[in-house]
Amino acid sequence: MPEFITIIYLIYSFLAFYFLFLFVIIYAKNKDRIFYEPKITKNYSLSIVVPCYNEGKSIGGVIESLLDSDYKGLKKIIIVDDCSTDDSYKIIKSYAKKYKKVIVVRTPKNTGKASGAKNYGAGFVDTELIGFVDADSYPKRDAIGKMIGFFDDNEVAAVTASVFVKKMNKFIEGLQSLEYRIIVFTRKLLGFVGAIYVTPGPLAIYRKKYFDKVGRFDENNYTEDIELTWNFLSKGYKIEMSVPSKAYTVVPDNFREWYRQRIRWNIGGLQAINKYKKTFAKSGILGSFVLPFFVLSWVLGILGIGILVYRGLRRIVINYLATKFSISAQTAILTFREINLTPNVLVFFGTAFLILSLSFTILALFYTKEKEFKKTRILSILIYSFIYLLVYPFVVINSVIKYLGKKQKSW
């Protein structure tokens, strides 16, 4: 059994180092292009669709942030109320009366999912580009304009933005802020190899004719933004990212809501994997890189926590039995000769990977620092690296169980 665990550990180490060095190589080759944004050469017509369900507290601010956009090609802001039970619809109508650009529509009946409201709103769009913004997300004034230039490449189907946490009043929000910043950095690096695997809801823009051609959002998928992106990639279209384009989103402020959100995200990921599993390890960026990367990231997380738990429990059991035997036999529990200070190759790999991972995390945070917020403390980085990330494999495991048990909810 120990030999088997050692083999698993070595495989885990190889894969972990492989992906880490891959990101380092991509960064070294493209570090001068991270903040690149093409100049606008054409004023593409654009409509933004905002799905809304019981977002009375935030929808007004979202509409105002879109109205403040400096992109002149923004023709329509379509707010889709999915039969809210709060005052959302009333608030939206008040903006529609005041601003001609704001259009309010309501689904005939509650679709129960963001993708349903998005697809319904897409039916009212006749512009060259169609964008989507969540009802709790706030794009900066220049965010949209900094994304448009990428569409001069006719093969580009979608452009995504940098998503940051809007407020950090609670510690868990601060940890998510670190996570989002690291995601921004790694997603841009993936973009350099054509492997962006999601166009997040807080702000994403699509070429309308391609959006319609692939069948719009899959309303059976929990993470419609991942599924649509994979659909584009499977058809050979390109996905780009504009790092200077920033959108701020509200994140869960308690563990329960965070946990529910991550379960939904992971179930959606599993749905997408199941839908596109036939492309695995085949030609095309989806099958040859994105899908294997997505799957192996989860495998590494589960393997890592599994090895950690195994080694911890094994050490506890061995120490307990040794202590119990020594007491009953009235012998020394530990002698000087039993202290082994010889370096262990597995410990060496683990320590090296830990140092390199922390260095990469600090590099990512350096590239995504925000003037609006306080400087990141080392303590927060350590808690994020050694506690926050260790929780995630358990979320993945539970997501798999729920997915197999079909215990899935809407919105």
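The values are calculated or read from the model by the stated rules, or taken from the named source; none is laboratory data. What you see is a predicted model, and the numbers here were worked out from it, not measured in a lab. Please note: Cβ atoms are built from the backbone with ideal geometry, for glycine as well, and neighbour counts cover all protein chains shown. Note: accessible area is taken over every heavy atom of the protein model, side chains too, but ligands, DNA and RNA are not part of it. Shrake-Rupley method; radii C 1.70, N 1.55, O 1.52, S 1.80 Å.
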List the DSSP H helices in the chain whose Cα atoms stretch 27 Å or more along the helix axis and whose mean Kyte-Doolittle hydropathy is at least 0.0.
2-30, 171-191, 291-329, 345-367
When the charge dipole of the stretch 36-116 is computed with +1 on Lys and Arg Cβ and -1 on Asp and Glu Cβ about the Cα centre, the Cα farthest towards its positive end, among 83, 111, 99, belongs to 99
Rounded to the nearest whole Å², what accessible area per residue is found for the chain with the 1.4 Å probe?
52 Å²
The percentage of the accessible area of the stretch 170-224 (probe 1.4 Å, all protein chains present) made up of carbon and sulfur atoms, to the nearest whole number, is 52 percent
How large is the translational diffusion coefficient of the chain in µm² per second when you combine the Kirkwood radius over alpha carbon pairs with Stokes-Einstein at 25 °C and 0.890 mPa s?
105 µm²/s
What distance in nm separates the two pseudo spin-label positions at residue 22 and residue 253, each 7 Å out from Cα along the beta-carbon direction?
3.9 nm
For residue 54 and residue 358, what is the calculated FRET efficiency with R₀ set at 60 Å and r taken between the beta-carbons, to the nearest 0.05?
0.90
Label residue 235 and residue 277 with points 7 Å out from Cα along Cα→Cβ: what is the distance between them in nm?
2.5 nm
Test item: Cα-centred dipole of the chain, Lys/Arg +1 and Asp/Glu -1 on Cβ, debye:
300 debye
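If we sort 37-46, 131-140, 163-172 on the protection proxy, mean other Cβ atoms within 10 Å, highest first, what's the order?
131-140, 163-172, 37-46
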Given labels modelled 7 Å from the Cα in the Cβ direction, how far is it in nm from residue 212 to residue 72?
2.7 nm
So how much slack lies between residue 171 and residue 152, counting 0.36 nm per residue of separation and subtracting their Cα-Cα distance, in nm?
2.7 nm
What FRET efficiency comes out for residue 179 versus residue 126 if R0 is 51 angstrom and r is the Cβ-Cβ distance? Round to the nearest 0.05.
0.85
Kirkwood Rh, angstrom, the stretch 110-197 [1 / mean 1/r, Cα pairs]
15.6 Å
Tell me what the chain gives for mean residue ellipticity at 222 nm when only DSSP H runs of n ≥ 4 count, each as -39,500 (n - 2.57), the sum divided by the residue total, rounded to 500 deg cm²/dmol.
-16500 deg cm²/dmol
